[in-house]
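Below is one structure; the comments refer to it alone.
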């Protein structure tokens with residue numbers, strides 16, 4: 001693959017699971033499954049982090065190579081609880097740039113969604 005190739009991992013009719021451009025990897029729309037068992041923001045974060053880890057690994061990267069993460073939070077009252085789950089997951093020696101915004105999400109049961117940019121592992 002040359003540095004200008006775009007490689008998409010098939011997802012669904014609306015989006016790719018991952019998009020790779022050169023040494024950059026993009027993941028968007030990362031949520032919990034939306035199933036009833038993940039009711040709290042902490043549970044939804046853990047589920048989404050597991051999905052992110054799996055997608056990064058499948059693409060040849062990992063969370064130590066995160067560059068930027070945007071977090072979409074349904075209710076800013078969940079900010080501290082989301083941050084507690086984040087701190088348990090993120091590698092403290094490899095923190096990405098990050099912002100959190102309040103947003104209405106695609107399904108009413110979803111509380112948090114992540115958009116991730118990572119570097120590819122050499």
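No lab work stands behind these numbers, since they all come straight from the coordinates. Given the structure is predicted, the values throughout are model-derived calculations rather than measurements. FYI the Cβ positions are ideal-geometry reconstructions off the backbone, even for glycines, and counts take in every protein chain you see.
Length gained on full extension, residue 14 to residue 46, computed as 0.36 nm times the residue gap minus the Cα-Cα distance: 9.1 nm. Taking the empirical scaling 2.2 N^0.38 Å for compact globular proteins as reference, the chain has a Cα radius of gyration ratio of 1.04. Shown for 47, 109: other C-beta atoms within 10 Å of each C-beta, ranked fewest to most, produce the order 109, 47.
Averaging 1/r over each pair of different alpha-carbon atoms in the stretch 60-107 and inverting the result gives 11.8 Å, the Kirkwood hydrodynamic radius.
Divide by every residue of the chain the summed helix terms, -39500 (n - 2.57) for each DSSP H run of at least 4, and state the resulting mean residue ellipticity at 222 nm, rounded to the nearest 500 deg cm²/dmol. Theoretical 222 nm ellipticity from helices: -8000 deg cm²/dmol.
Within the stretch 15-119, DSSP assigns beta bridges of which about 70% are antiparallel (rounded to the nearest 5). Would you look at the GNM of the chain, springs on alpha carbons closer than 10 Å, and say which of 83, 50, 12 moves the most? Among 83, 50, 12, the largest GNM mean-square fluctuation belongs to 12. Extension gain, residue 91 to residue 24: 0.36 nm times the residue separation minus the Cα-Cα distance gives 22.2 nm.
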